[in-house]
1. If the chain between VAL37 and GLN89 were fully stretched, how many nm would it gain, using 0.36 nm times the residue separation less the Cα-Cα distance?
2. Kindly rank 35-46, 70-81 from highest to lowest mean number of other beta carbons found within 10 Å of each residue.
Amino acid sequence: NAALVHNDIAANDSRNMILTAGTPVYDDTNGEVFGIVAVEFNLEDTLRELVTSTAKTAETVYVTDGKGTILMIHSREHGFQQEILGQNQNVEALLPEIGTFFSQAQLSNILTDGASFYAIKVPLDPHSPDAVIGLVLKLAP
């Protein structure tokens, strides 16, 4: 069982999110590394599908990095919104009710008040605590 050795979410000016992961491959007989398996895919496409299906129960869905910086916004009324992207806007500024969920180390990866919002931090690599995607759902009243 090899550990994930590289995990990165890169966002360029067009806000494309690419997930890159790789792991060494070991020879069963002598334990030596004889290769590597690497995967790279567009995380934005996967997140758009997830957000579109989730948006049925939420007024607005924010996709963030591990620090709460908004990467993607979807609202039921307007669909995907681009105007805020690239401005390093933090979701905590838009939804003060989530407090410091992203800006402080929290033991819990889930936060909700049970009525107006639901926030979750999804770890992408157990060996890299900074490799996180956040989802914040602002629920309809």
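1. Working: separation 52, 0.36 × 52 = 18.72 nm, distance 3.51 nm.
Extra length available between VAL37 and GLN89 comes to 15.2 nm.
2. Details: 35-46: 12.6, 70-81: 15.9.
Result, highest mean Cβ count within 10 Å first: 70-81, 35-46.
Read the figures in this text as sums done on the coordinates, not as results from a lab. Quick caveat: nothing in here was measured; it's all calculated off a predicted structure. Cβ atoms come from the backbone with ideal geometry, glycine included; neighbour counts cover every protein chain shown.
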